[in-house]
């Protein structure tokens, strides 16, 4: 799609504004345009998942979050969002498993941060 960095930033701001005003449909469109232009834009992927969730499009949000987790299994926010989406769908056992995984990943990140900080001394 070839959007310039400034246009991607403008679209990202527009998507966030749309979400703040309850227009999740516009936000979904903007986030998708960003991702089409820059498939590595993680914040847009997280935004898309949230906008889809806000729009009640839980299956689409689940598909998107699972893609994100497949690309980065250590993404704590994606695991947390997965848990929340499973809850929306009444899949309690799956939600609890995803929440536990998010918690463990968070602890691992904290430990790595503590070890890195200690090594900086």
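Sequence gap at least 6, Cα distance under 8 Å: using those rules, report the relative contact order of the chain to the nearest whole percent. Taking the mean separation of contacting Cα pairs over the length of the chain, I get 15 percent.
Please report Rg over Rh for the stretch 1-56, where both radii come from the alpha carbon positions and Rh follows the Kirkwood definition.
On the way: Rg = 10.1 Å, Rh = 10.7 Å.
With Rh from the inverse mean 1/r over Cα pairs, Rg/Rh is 0.95.
Across the stretch 1-56, the mean sequence separation of Cα contacts (distance under 8 Å, 6 or more residues apart), normalised by length, yields a relative contact order of 35 percent. Spacing of the modelled spin labels on residue 6 and residue 108, each 7 Å from Cα toward Cβ, amounts to 4.1 nm. The calculated FRET efficiency for the pair residue 54 and residue 91, based on their C-beta separation and a Förster distance of 22 Å, comes to about 0.70.
Based on a Kirkwood Rh over C-alpha pairs, give the Stokes-Einstein translational diffusion coefficient of the stretch 26-119 at 4 °C and viscosity 1.567 mPa s in µm²/s.
On the way: Rh = 13.9 Å.
D, rounded to a whole number, is 93 µm²/s.
All of the numbers you see were taken from the coordinates with simple rules; none came from a lab. Model, not experiment: these values are computed from the prediction. Using ideal geometry, Cβ is built from the backbone for each residue, glycine included, and neighbour counts are taken over all protein chains shown.
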